[in-house]
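Notes follow once the structure below has been shown.
The values are calculated or read from the model by the stated rules, or taken from the named source; none is laboratory data. Worth saying up front: this structure is predicted, and the values here are computed from it rather than measured. Virtual Cβ from ideal backbone geometry, glycine too; neighbours counted across all protein chains shown. Keep in mind that these areas ignore ligands, DNA and RNA; they rest on the heavy atoms of the full protein, side chains included. Shrake-Rupley method; radii C 1.70, N 1.55, O 1.52, S 1.80 Å.
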Amino acid sequence: MALLEVDDLRIDAHTELGEVLPIVKGVNFEVARGEVVALIGESGSGKTTIALSALGYTKPGLEFAGGEVRLDGRDVITMPPDDRRMLRGRNVAYLAQSAAATFNPALTIGEQVTESAVLHGLLTQEEANRRAEALYGALELPDPDRLGRRYPHQVSGGQLQRLMAAMALCGRPDLLVLDEPTTALDVTTQIEVLKAFKKVIREQGAAAIYVTHDLSVVAQIADHIVVLYAGEIQEMGAADDVISRPSHDYTRRLMAAVRPPPAAGQGEGGTEAHLRDAPALEARKVNAGYGRRPDGAPAMKVLFDIDMAIERGRVVGVIGESGCGKSTLARVMAGLTPASDGDILLDGARLGPSVGERTRQELRSVQFVYQMADTALNPRQRIDELLGRPIEFFLGLKGEEKRRRLHELLEMVELPPDFAGRYPEELSGGQKQRVNLARALAADPEVLLCDEVTSALDTIVGANVIELLKSLKERTGVSFVFISHDLSTVASFADEIVVLYAGRVVEKGPVDAVLSPPFHPYTRLLISSVPELRVGWMEEMMATSTAQAGIDRVVTITEVGCPFFDRCPLAIEGTCDTEIAPNRPIDGLVSDRHVIECHREVPELMAWSQS
C-alpha cells in the first residue's frame, strides 16, 4: 500500500459575493515510501494547495469539497482536529521556500531543529540533540558537533536551507512536503541542497512531495512527476518518461520555456542605436562595505576595486553566488549604500555617493527594481497610487496628463488599464512583478538596476518578463544592470557579463567571450552547475573535478590573495593564497574587452577549459 493516497481531491474557494470557484478539480496520485513525487506547473496551477492537503490544511478562503487524502490508510481531511494536530510535525513535515523566514533569529539553530521532536514527545532533548548532530553530518553541514550553538545569521543561505531539512527530519516523519525549497538559491548552492535532500530521503526511508516549477530541478530529484494546470492533472508518470517522452502539449510548453544551459551564441547581440560617447553608468575602482572603523573605512569590506561600464541601450548581467556582492554593487550604484572609495558616473558625470547627495534628476535616471514584488509594493495602495507617486514626483504630471502616463506605463508592461484600480493582492506573482517594473519606469530612467527580478517567478512567467525587458530595451533605449544567479537567463538576455566572486570581478566581457574557453575556474564552476533537463545529470556533474573542488564551499571574503583559492582546482599554493591575482586580457578572441583575473597564464586556462 502507498504511504500517501490522494483520491479525487477537490478544493473550492468562496468569493466575497458568495460564489464557489473550484481550485483543485478531482486530483488522484500516490506517493510510496522512499520515493519523491514532484508536482509541477505554473503559478496558480494548484501545486502548493494540493501539497498542503497532505497536512489536512487549506489556506484561508479555501475548503475541502470532496475526495480523500489518506496517510497510512487514514483520511487526514476527516480525522479529528487533535489527531490532525499530532500528525503535523510527527508524521508529515513541511519545508517552506524561504528558510530565512522560517528560522527565528533570536534562537539558536539547535533549539529550533529539535523543538518539534521534543514538543511532540518523540524524543527527549538529549536524544533530539544527538539526532540533530547526526542529520547535520548526513546533510554535509560543517562542524556538526558545534553547529547547533550558532544562530541563523551565522550560516549561509544554502546551509540554512539544509538546516530546515534537518528540522523537518528530526522527528523521523513519514512524509516531507518540500515547497520550492531551492527556487531562491544560486546554482552551486542548489546542487548542494538537492544532493543532500536526495541522500537523506533515501537513507531515512522517508517519502516526499516536491513542489516546484523548475523542470531541470525535478529531473534531478523526482521519481514520478505530476503535471498540473488550473487544478487538474494534465500528465503523470515516471520522471524519465515525462521528461524524455512528454505526451501532453502543456508539458511540452513547460519544457520549451526551460532555457538551455548557458553557451556562446545564445545572446541577441547589442544594438548601436542608442550609444553615446560616455557609458550610461560606470563604476570606477569602487570599494564598499558595511559598518565603520575609527579611520572611516568599512568594518566589513564587501566590494574591492570594481570596474564596469553599462553602455546606453545595453544589458550587463552580474552573476555570482549568494554573498558575492551582487546586490551590494547595485545598492552602491543606486546610492543606497555609499561607496567608501571610487566613483559612480552617470553619462560621464560623477554622482554623489548617497541618495541624499544626488539631485532629483540623478535619482530619476537610475531606478531600482527589487527582487520581491510582494514586499516592494505597499499592499494598502492601489496600482494607480503606486505608479502615480513617482509620475508626480519625478515628472511633475498631474490630472489628465498623470492618468495618461499611468495608462501608458500599464500598456508598456502589457497590463490592461483597469488594473489601475486593483490592489497588489488581486494580482498574480508575474503581474505584481510587472507593476514593480512599471513603477521604476514611471521615472523615465536611463538605467534600471534589476535585482533577481525573475528568481521567484515560474518558468513561463519568468520567460515572459524577460521578453518584456528585451522589448523595453529596444523601444526606450534604457540600459540594464541585470543581477541574477540564473546564468541561463543572463546568457539569453545580456550583452556583457560581469562575474563577481567574494566582492571581486574575476571575469568580464561580452557574453559569447565569457561563455567560451578560456574560463576563469569560478566561471566554469557556475556554468557546469546549471542543471540540465535530463535524469542523472546531477550524479554525472558531481563526479567532475570542478564540482568536487568547488561545490559545498562557503564564499569567504578576504583581502589577501585570491578568495577562490580554497575552491579552485588550479590553485597554486604559496601564490594564489598570498597575492592578488593579475588581470589578464584575452586577446585574439571575441573581444579584447574580455578580461580574467587569475594567476594562471591564458594558455594554461585555455588547455584546462577545453579538458
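Mind checking which lysines have their C-alpha under 25 Å from Lys195, skipping anything on the same chain fewer than 8 residues away?
The qualifying lysines are Lys47.
Roughly how big is the chain's charge dipole about its Cα centre, with Cβ charges of +1 (Lys, Arg) and -1 (Asp, Glu), in debye to the nearest 20?
The dipole of the chain has a size of about 1040 debye.
Could you pull out every residue, at least 5 positions away or on a different chain, whose amide H is within less than 5 Å of the one on Asp186? Hs are placed 1.01 Å off N in the peptide plane, and Pro or chain starts have none.
Long-range HN contacts for Asp186: Ser322.
Normalised by the residues of region 273-610, what does the relative contact order come to in percent, with Cα pairs under 8 Å and at least six apart?
Relative contact order, region 273-610: 18 percent.
Tell me the carbon and sulfur percent of the accessible area for the chain, rounded to whole percent, probe radius 1.4 Å. Numbers along the way, then the final one.
Details: 12170 of 25200 Å².
Here it works out to 48 percent.
Give a residue-ordered list of calculated ³J(HN,Hα) values for region 490-498 (Karplus: 6.51 cos²θ - 1.76 cosθ + 1.60, θ = phi - 60°; whole Hz; x for Gly, Pro).
Once rounded to whole Hz, the list reads 4, 4, 8, 10, 7, 9, 9, 10, 10.
Go through region 9-19 residue by residue and turn each phi into a ³J(HN,Hα) via Karplus (6.51, -1.76, 1.60, θ = phi - 60°); whole Hz please, and just put x for glycine and proline.
Whole-Hz 3J(HN,Hα) from phi for region 9-19: 5, 10, 10, 10, 10, 10, 7, 5, 8, x, 6.
Residues with amide H under 5 Å of Leu533's amide H, sequence separation 5 or more or different chain, H placed in the peptide plane at 1.01 Å from N; which?
none
Taking θ as phi - 60°, what are the ³J(HN,Hα) couplings along region 20-33 by the Karplus curve (6.51, -1.76, 1.60), each to the nearest whole Hz, with x for Gly and Pro?
Once rounded to whole Hz, the list reads 10, 10, x, 9, 10, 10, x, 8, 9, 6, 10, 10, 8, 4.
For the chain, calculate the relative contact order in percent as a whole number, restricting contacts to Cα pairs under 8 Å that are 6 or more residues apart.
So the answer I get is 14 percent.
With contacts defined as alpha carbon pairs under 8 Å and 6 or more residues apart, what's the relative contact order of region 1-136 in percent?
Worked out over region 1-136, it gives 22 percent.
Using Cα positions and a limit of under 18 Å, work out the aspartates and glutamates in reach of Lys398, with same-chain residues fewer than 8 apart set aside.
Those aspartates and glutamates meeting the cut-off are Asp384, Glu385, Glu408, Asp444.
For Arg312, enumerate residues with amide H under 5 Å from its amide H, sequence gap 5+ or separate chain, H modeled in the peptide plane.
Excluding prolines and chain starts, which carry no amide H, the hits are Arg276, Ala280.
Going Cα to Cα from Lys199, which aspartates and glutamates come in below 17 Å? Please leave out same-chain ones fewer than 8 positions away.
Glu35, Glu133, Glu140, Asp174, Asp223, Glu539, Glu540, Asp552
Given a 1.4 angstrom probe, what's the average accessible area per residue across the chain, in square angstrom?
Value for the chain: 41 Å² per residue.
With just the Cα atoms defining each centre, how far is region 327-403 from region 291-321? Give it in Å.
Each part's Cα centre sits 18 Å from the other's.
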